[in-house]
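Bear in mind that the values in this text are calculations on the coordinates, not laboratory data. A quick note: this is a predicted structure, and the numbers were derived from the prediction, not measured. When we count neighbours, we look across all protein chains shown, and the Cβ atoms used for this are built from the backbone with ideal geometry, even at glycine.
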């Protein structure tokens, strides 16, 4: 049963990253379809996060949601938008991963 709430959390992360990607593509909400994607992505993300929070602890769920979302957003930025990722960014991602793992182990 607990796995369902982690699936809600995973879905929330995916839709948050989708929403952030659409935010970049919307060019300040001047492009209609990406702007709709922002609204849809974040609406679903927050709904799924709220479902995950019915069982999962707030600190663990939110830290995982924001941390994994940040990591995936960095990857999307590098792959899709050709944003540079230097050694400090890689170190930051590694620290985020370590923190998320430690939180989930506690």
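Among the residues that make up the stretch 58-67, is at least one of them exposed (fewer than 14 other Cβ atoms within 10 Å of the Cβ), touching a residue at least 40 places away in the same chain (Cβ under 8 Å) and closer than 25 Å to residue 106 by Cα?
Yes, the conditions are met somewhere in the stretch 58-67.
State all residues of the stretch 78-87 that are free of Cβ contacts under 8 Å to residues at least 24 places away in the same chain and either closer than 22 Å to residue 8 by Cα or touching a helix residue (DSSP H, G or I) at 6+ places or on another chain (Cβ under 8 Å) (or both); if no residue qualifies, say none.
The answer is 83, 84, 85.
Working carefully through the options 59, 67, 37, find the one that is under 11 Å from residue 15 (Cβ atoms) and touching a helix residue (DSSP H, G or I) at 6+ places or on another chain (Cβ under 8 Å).
Testing whether each residue is under 11 Å from residue 15 (Cβ atoms) and touching a helix residue (DSSP H, G or I) at 6+ places or on another chain (Cβ under 8 Å) leaves just 37.
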